[in-house]
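Below is one structure, written out as structure tokens, with a few remarks after it.
Coordinate-derived values only; no laboratory data. Computed from a predicted structure; not experimentally measured. Here the Cβ positions follow ideal geometry from the backbone for every residue, glycine too, while neighbour counts run over all protein chains shown.
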Amino acid sequence: MTGSEVRKLNDEEITVELGNLRGKLLALKNKSVSEKIEDTTQFGNMRRDIARLLTEQTARTAS
């Protein structure tokens, strides 16, 4: 997800997407405990997407 894609989302969509990504990240962390993860870059990508969404959410509430 890019910054321009995040800016196109409305407030409700951002909240829903944050919940989805946080759930996926938790599931991936739990999966990594029990088995080997092939693509470990997924962790960083999800964290960056969460950060983008949180940044846009904060910017909207500040303005």
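Out of all the residues in the range 41-54, which are touching a helix residue (DSSP H, G or I) at 6+ places or on another chain (Cβ under 8 Å) and among the β-branched types (Val, Ile, Thr)? Within the range 41-54, ILE50 is the sole residue that qualifies. Of the residues examined, LYS29 is not one that is without any contact (Cβ under 8 Å) to a residue 24 or more places away in the chain, touching a helix residue (DSSP H, G or I) at 6+ places or on another chain (Cβ under 7 Å), assigned to a helix (DSSP H, G or I) and not aromatic (Phe, Trp, Tyr). Summed over the range 17-42, residues that are within 10 Å of the chain's Cα centre (by Cα) and of a type outside the set (Gly, Ala, Ser) total 7.
Looking at the range 21-63, which of the residues that are touching a Gly at 6+ places or on another chain (Cβ under 9 Å) and not polar (S, T, N, Q) is surrounded by the fewest Cβ atoms within 10 Å (Cβ to Cβ)?
GLU56
Here's a check for you: in the range 10-20, which residue that is closer than 23 Å to PHE43 by Cβ and touching a residue at least 12 places away in the same chain (Cβ under 8 Å) is surrounded by the fewest Cβ atoms within 10 Å (Cβ to Cβ)? Within the range 10-20, the match that is surrounded by the fewest Cβ atoms within 10 Å (Cβ to Cβ) is THR15.
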